[in-house]
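Notes follow the structure.
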Amino acid sequence: MLQNKYTALLLQIGFNENAILINWLDLVKAYAAKGRHYHNLNHLEEMIVLFDRYKEALQFPNEVLYAIFYHDIIYKVTRKDNELKSAELALSILPENATLDKQLVFDMICATQLHQQNDIEDINWLIDFDLKILAKDWNNYTIYCDQIRKEYKIYPTLLYQPGRKKALEHFLENEFIFQTVEFRTTYEAQARENIQREIELLS
């Protein structure tokens, strides 16, 4: 499913078939790298399921889909510029004649760092697709927690727990976790409940 979706998108926006295959293999190599327990191909698949579900609400579906594929292509837990570097890489491989709003793609990917309300509604949709994991049922949420902990395994518990707790509390301090009305209505309450439970486990 992922490769077919990727190939169709890149053909539509101006890539040739040979370039698509090369870039697909690079993308798989990045997302399947050792240590990627959550930010992997499964995360992309879950976001694309949401993309398909809410596609009719999007003004720039190609830009959103391209941003989904590339928003975590560079991911190292020790870096603070993963989103910026991912955005730069995403633009660097585009053919000159690509029918894609490059600035919008760049802004979309960078927005997945802070997950804040944006004037461009499609960016809000992308952010919500990225954060939907927070509203899973508790069993699946705890699996996600374990995956994140494994990604940060270089940090001892003494450092990890306060850092994770601070990040989670930041979500709760905001008026809303999700940026679209649809996601706030459907998922906000569950996400807040999950986050609060995780914070209590970290305390």
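The values are calculated or read from the model by the stated rules, or taken from the named source; none is laboratory data. Since this is a predicted model, take the numbers as computed values, not measurements. No Cβ is skipped: glycine too gets one built from the backbone with ideal geometry, and neighbour counts run over all protein chains shown. What goes into the accessible areas is simple: the full protein's heavy atoms, side chains included, and nothing from ligands, DNA or RNA. Shrake-Rupley method; radii C 1.70, N 1.55, O 1.52, S 1.80 Å.
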*asked:* Of everything in the stretch 20-44, what is open to solvent by 70 Å² or more (accessible area, probe 1.4 Å) and either polar (S, T, N, Q) or under 26 Å from residue 142 (Cα atoms) (or both)? Give them in sequence order.
replied: 34, 42
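Only one of 87, 111, 135, 67 is closer than 19 Å to residue 11 by Cβ, in contact with a helix residue (DSSP H, G or I) (Cβ under 6 Å, 6 or more places away or on another chain), open to solvent by less than 30 Å² (accessible area, probe 1.4 Å) and small (Gly, Ala, Ser). Can you tell me which?
From the options 87, 111, 135, 67, the qualifying one is 67.
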*Would you be able to tell me the number of residues in the stretch 182-194 that are under 12 Å from residue 54 (Cβ atoms), open to solvent by 60 Å² or more (accessible area, probe 1.4 Å) and not acidic (Asp, Glu)?*
1
*Which pairs do you get when a residue that is closer than 14 Å to residue 124 by Cα and polar (S, T, N, Q), found in the stretch 48-62, comes within reach of a residue that is open to solvent by less than 70 Å² (accessible area, probe 1.4 Å) and modelled with pLDDT of 95 or more, reach meaning Cβ atoms under 7 angstrom, with the pair 6+ apart or on two chains?*
59/122
*Can you find even one residue in the stretch 124-131 that is modelled with pLDDT under 95 and either surrounded by 17 or more Cβ atoms within 10 Å (Cβ to Cβ) or farther than 17 Å from residue 66 by Cβ (or both)?*
no
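Considering only the stretch 55-64, how many residues are in a helix (DSSP H, G or I) and open to solvent by less than 30 Å² (accessible area, probe 1.4 Å)?
Of the residues in the stretch 55-64, 2 are in a helix (DSSP H, G or I) and open to solvent by less than 30 Å² (accessible area, probe 1.4 Å).
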*Test: residue 17 is of a type in the set (D, E, K, R), without any contact (Cβ under 8 Å) to a residue 60 or more places away in the chain and open to solvent by less than 40 Å² (accessible area, probe 1.4 Å)*: no
_Considering only residues that are open to solvent by 60 Å² or more (accessible area, probe 1.4 Å), closer than 16 Å to residue 76 by Cα and hydroxyl-bearing (Ser, Thr, Tyr), which ones fall in the stretch 148-176?_
152, 155
*With the condition kept exactly as written, say whether any residue in the stretch 7-14 is free of Cβ contacts under 8 Å to residues at least 40 places away in the same chain and either within 20 Å of residue 148 (Cβ to Cβ) or under 15 Å from the mean Cα position of the chain (by Cα) (or both).*
no
